[in-house]
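One structure below.
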Amino acid sequence: MSFEAWTVFALFWVVFVTSPGPNAVNCISNGMQHGFVRSLWGVAAILSQSLIFQALSAAGITALVAASPTAFLVAKLVGAGFLIFTGLRAWMRAGRPMEPVHASGGSIYGRAFAIATINPKSVAGYLAAFSQFVQADVPIGDQMWVIVPTALTITAASYCMYTALGAGVGRAALGAVANLWVRRVMAACFIIYGILLGSTSMPGSGRGS
């Protein structure tokens, strides 16, 4: 991969992972509830999902999933239902006093990994990256040594930033009314993302081959 190609890929990945979505909302929510350090379990989950998806994209498996209407439909419905359920539960709990939650690292990791994995739109992002930036005439293994560290570094920086933002909001000791509406906004984001996910088209549909 040339320096110019790497620069374009890095810029693409910055836009891909910094655009607000379910992962960002979850990181902010984790930071508010658990503080920055403990919430890094959630960032670790997103990095795990990213590494797995990169490996699957390199192997061509995500292309097969994206090409299967049934697989995409199942993933879409499960993901949409999970996000909407998460949002509704958070909305109902928003009125309760926000007390320190002693969640285990494993539970934070598992929930973040589920949220990161269930969104079929992430498949489109990885497919776009690997179809646009991977060179067919260069061994994929040689290119992954550049792609993986770049993607993981940018991903970690982005979601650490969102987690720090949430931790800062949590430390601000907002008043009861402001706290209620901040938490309801986070809950509403999950519900909206779930609805949008439910209406997502198959990656690549409508495009020429």
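The values are calculated or read from the model by the stated rules, or taken from the named source; none is laboratory data. Predicted, not measured: the structure shown is a model, and the values here were computed from it. Here the Cβ is made from the backbone with ideal geometry for all residues, glycine too, and neighbour counts use every protein chain on show.
The residues on offer are Ala59, Ala75, and the sole one that is farther than 30 Å from Arg171 by Cβ and at pLDDT below 70 is Ala75.
When region 14-53 is filtered for residues that are more than 17 Å from Ala114 (Cα to Cα) and either part of a helix (DSSP H, G or I) or of a type in the set (A, V, I, L, M) (or both), the ones remaining, listed by number, are Val14, Val15, Phe16, Thr18, Gly31, Met32, Gln33, His34, Phe36, Val37, Arg38. If we keep just the residues of region 79-94 that are surrounded by 14 or more Cβ atoms within 10 Å (Cβ to Cβ) and farther than 22 Å from Val43 by Cα, which is modelled with the highest pLDDT? Of everything passing the filter in region 79-94, Leu88 is modelled with the highest pLDDT. The set of residues in region 26-52 that are under 12 Å from Tyr159 (Cβ atoms) and among the hydrophobic types (A, V, I, L, M, F, W, C) comprises Cys27, Ile28, Phe36, Leu40, Trp41, Val43, Ala44, Ala45, Ile46, Leu47.
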